1. Identify all residues within segment A:183-242 that are surrounded by fewer than 13 Cβ atoms within 10 Å (Cβ to Cβ), within 13 Å of another protein chain (Cβ to nearest Cβ), modelled with pLDDT of 85 or more and within 22 Å of residue B:12 (Cβ to Cβ); write none if there are none.
2. Output the residues belonging to segment B:108-124 that are surrounded by 15 or more Cβ atoms within 10 Å (Cβ to Cβ) and not in a loop (DSSP other than H, G, I, E, B).
3. Out of all the residues in segment A:144-155, is one or more without any contact (Cβ under 8 Å) to a residue 24 or more places away in the chain, assigned by TED's automatic domain parsing to the domain that holds residue A:48, assigned to a loop (DSSP other than H, G, I, E, B) and under 25 Å from residue A:55 (Cβ atoms)?
4. When you check residue B:283 against the structure, is it assigned to a loop (DSSP other than H, G, I, E, B) and touching a residue at least 40 places away in the same chain (Cβ under 8 Å), yes or no?
5. Among the listed residues A:292, A:281, A:306, A:298, which satisfies the condition of being within 9 Å of chain B (Cβ to nearest Cβ) and surrounded by fewer than 24 Cβ atoms within 10 Å (Cβ to Cβ)?
6. For segment A:373-389, which positions are buried (at least 21 other Cβ atoms within 10 Å of the Cβ) and within 30 Å of residue B:132 (Cβ to Cβ)?
7. When the residues of segment B:66-90 are filtered to those that are in contact with a helix residue (DSSP H, G or I) (Cβ under 6 Å, 6 or more places away or on another chain) and not in a helix (DSSP H, G or I), which remaining residue is farthest from residue B:150 (Cα to Cα)?
8. How many residues, within segment B:368-396, are within 14 Å of chain A (Cβ to nearest Cβ) and closer than 19 Å to residue B:218 by Cβ?
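The values are calculated or read from the model by the stated rules, or taken from the named source; none is laboratory data. The shown structure was predicted, so the numbers you read here are calculated from the model rather than taken from an experiment. Don't worry about glycine lacking a Cβ; one is built from the backbone with ideal geometry, like all the others, and counts go over all protein chains shown.
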């Protein structure tokens with residue numbers, strides 16, 4: 001069962017939004033073991049959407065279209081499906097009634113334009129949208145199944161999980177089609193260095209395959225195998241995974257996709273320690289990543305963001321003399337921030353980040369970032385020199401701070 | 001000159017990363033007035049990449065390929081171009097020498113696998129990569145130009161700006177091909193309500209066109225016109241923009257893409273006021289957005305993130321009795337946080353956010369978020385009820401906090 005994704009929206013072509021929908025659907029197709037080889041994006045143009053649908057149904061068994069089924073004038077996916085399938089538009093009185101009562105329940109008058117959402121290409125079944133007003137569509141064009149879903153992720157993804165993927169699994173006779181992946185995540189070496197270490201391991205292997213992916217400061221190694229069952233696919237991966245782990249040693253810090261911030265919270269919890277953060281140049285990014293994890297409040301207490309020298313002094317007890325002697329940004333300052341943060345926040349573990357993210361150099365070269373970690377066992381700092389612009393420097397420094405927190409909590413302090 | 005984008009990488013299909021490259025290139029093509037109707041994604045598979053290239057050169061005048069030209073074994077874009085163009089692979093001794101000296105300058109041994117980057121399809125010109133080791137490629141397949149660039153954005157985008165777009169502009173005889181867009185950004189009403197207000201304005205207009213885009217709590221209205229020159233295109237937009245602005249009134253808060261956090265910093269600067277933040281449920285996201293703006297330190301001083309009741313008390317002076325009487329999360333608490341934050345951070349303006357982002361309900365229903373803003377003129381709070389999961393609630397509350405900060409700084413307090 002080959003499934004492809006067609007995203008409709010001029011805002012995607014213009015780069016006003018990023019196509020996270022295709023990524024979210026793609027990861028779900030992989031998990032379900034459905035083949036997925038193509039994604040396409042077209043703008044809000046009837047002829048081009050229709051042509052893209054026709055091209056997709058020729059090479060794939062199913063096409064998931066997202067976007068263009070909302071209530072506004074630029075939503076033309078329904079019309080494009082009619083054109084591609086050569087069918088007329090029909091109107092569902094039952095759905096129109098549902099739309100009216102949806103708005104009535106919210107005590108708001110329904111904009112009349114919303115009635116467009118009760119239109120559907122002849123022959124299509126409507127797919128229930130539990131989170132919104134635009135129903136999805138499912139119909140056959142030639143031998144392929146075509147699904148049209150809303151572009152809003154909060155509405156679209158529950159429909160993919162609840163309707164589209166169960167339907168495709170049911171419709172496919174996919175004996176021998178399980179795909180399994182193991183992802184080993186590394187920290188501390190470049191992508192090309194890791195590729196070199198593993199160069200010969202996969203030389204003669206087509207199943208499993210190996211791929212590399214750099215994500216901020218982390219490099220992922222992905223092993224993917226295909227077999228009759230999920231168990232058989234995983235069995236194929238085992239010896240390769242073992243070899244990769246042996247060669248990479250401590251560079252591998254995780255398998256799977258659990259973010260490092262979640263590992264940090266769990267590790268601190270095991271010690272019975274609370275965590276706080278003291279940030280300057282990263283301006284809240286470390287705190288934001290830790291608090292993005294549900295249940296963070298069991299371990300994480302808070303943060304002081306001191307964006308000025310005075311606040312470093314007043315709120316983090318970074319000494320005035322020290323600031324004068326050592327400059328605002330030094331390993332000693334970062335250590336003082338981590339110590340002061342631990343006291344002021346009343347936490348066992350505190351990570352501090354300071355430095356120069358650019359674009360204008362302060363007393364340090366842009367990209368020089370300093371991270372300090374304080375635990376009940378020790379306190380230590382490290383200076384990083386990061387390439388790129390302000391956003392990249394801040395993002396990499398945030399990942400580095402979380403990775404160093406992880407290392408410190410594991411007792412693997414750096415040198 | 002029709003330009004399309006082909007992104008190569010199995011990690012995109014698997015949803016392990018989001019295709020921000022296509023968005024970044026797309027926005028640059030739009031700015032340059034180059035037509036851009038299609039984007040496609042394929043995995044690291046020689047046959048499928050070659051087929052995608054052949055399909056693209058049939059319908060477009062230029063194809064920008066990103067990804068798959070790195071040093072590792074899964075990088076197969078060069079081979080795929082050879083297959084699509086029907087040419088042999090050649091080897092550049094000159095580039096091999098450059099690679100060796102690049103690594104030598106960094107005092108590191110070059111992994112031998114990097115030499116693959118000196119290979120190129122016969123007939124291709126190498127495009128200089130100022131930020132990395134993998135050169136880009138440019139060659140003709142049939143009547144179309146094909147460009148291959150690295151997948152790493154920090155290397156790829158300077159090559160698009162410095163080489164690809166200037167080349168395409170030079171190569172195109174695009175009289176009458178200027179595209180101009182005006183984006184009006186609104187806050188305070190739903191997409192369908194705004195579409196209804198504007199329903200008849202564009203009914204008979206094909207130039208300019210109108211499109212809507214929801215981005216967190218903001219709805220953008222984009223007017224796009226095409227004409228012989230940029231000036232003529234903008235002239236076409238003027239009367240429509242005027243009508244849209246009249247109908248939407250104060251809902252429109254900006255044209256263009258300047259983020260609200262940047263507008264907030266500028267507005268505070270005009271008053272001569274400093275800004276601080278006091279966050280609970282958003283855990284640093286408001287601070288992170290403000291400090292992402294270069295030069296934020298001129299206005300922004302810092303933040304206290306109090307993720308526990310005790311820290312709200314200790315660091316923000318939120319009274320113990322109040323917490324007991326009113327619950328941890330109330331408008332009174334948010335106001336006390338904003339007041340306490342202003343004092344402790346020594347700032348004129350402080351925004352506070354507290355609430356319940358989920359997934360587990362605290363004493364409040366999940367999605368109930370409270371924002372308070374304190375300026376030297378007044379202090380006021382507002383309770384929001386936001387749908388969606390933890391990530392969405394935190395993101396929307398962050399945008400709402402910045403929007404309310406903007407309104408307060410403009411003296412437009414809510415009721």
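1. If the condition is that a residue be surrounded by fewer than 13 Cβ atoms within 10 Å (Cβ to Cβ), within 13 Å of another protein chain (Cβ to nearest Cβ), modelled with pLDDT of 85 or more and within 22 Å of residue B:12 (Cβ to Cβ), then no residue fits.
2. Once the filter is applied, which keeps residues that are surrounded by 15 or more Cβ atoms within 10 Å (Cβ to Cβ) and not in a loop (DSSP other than H, G, I, E, B), segment B:108-124 yields B:113, B:114, B:115, B:116, B:117, B:118, B:119, B:120, B:121.
3. No - not one qualifying residue is present in segment A:144-155.
4. Working: assigned to a loop (DSSP other than H, G, I, E, B): yes; touching a residue at least 40 places away in the same chain (Cβ under 8 Å): yes.
When the stated conditions are applied, residue B:283 passes them.
5. On the way: A:281 fails: surrounded by fewer than 24 Cβ atoms within 10 Å (Cβ to Cβ); A:306 fails: surrounded by fewer than 24 Cβ atoms within 10 Å (Cβ to Cβ); A:298 fails: within 9 Å of chain B (Cβ to nearest Cβ).
Among A:292, A:281, A:306, A:298, only A:292 is within 9 Å of chain B (Cβ to nearest Cβ) and surrounded by fewer than 24 Cβ atoms within 10 Å (Cβ to Cβ).
6. So in segment A:373-389, the residues buried (at least 21 other Cβ atoms within 10 Å of the Cβ) come out as A:373-375, A:381.
Passing the criteria: only A:381.
7. Step one: of segment B:66-90, the residues in contact with a helix residue (DSSP H, G or I) (Cβ under 6 Å, 6 or more places away or on another chain) are B:66, B:68-69, B:71-72, B:76, B:79-80, B:83-84, B:89.
Still in the running and not in a helix (DSSP H, G or I): B:66, B:68-69, B:71-72, B:76, B:89.
Numbers: B:66: 5, B:68: 7, B:69: 6, B:71: 10, B:72: 12, B:76: 12, B:89: 18 Å.
So, considering only residues that are in contact with a helix residue (DSSP H, G or I) (Cβ under 6 Å, 6 or more places away or on another chain) and not in a helix (DSSP H, G or I), the one farthest from residue B:150 (Cα to Cα) is B:89.
8. Here is the first cut: in segment B:368-396, the ones within 14 Å of chain A (Cβ to nearest Cβ) are B:369, B:385-396.
With closer than 19 Å to residue B:218 by Cβ added as a condition, the list becomes B:369, B:385-388, B:391-396.
Within segment B:368-396, residues that are within 14 Å of chain A (Cβ to nearest Cβ) and closer than 19 Å to residue B:218 by Cβ number 11.
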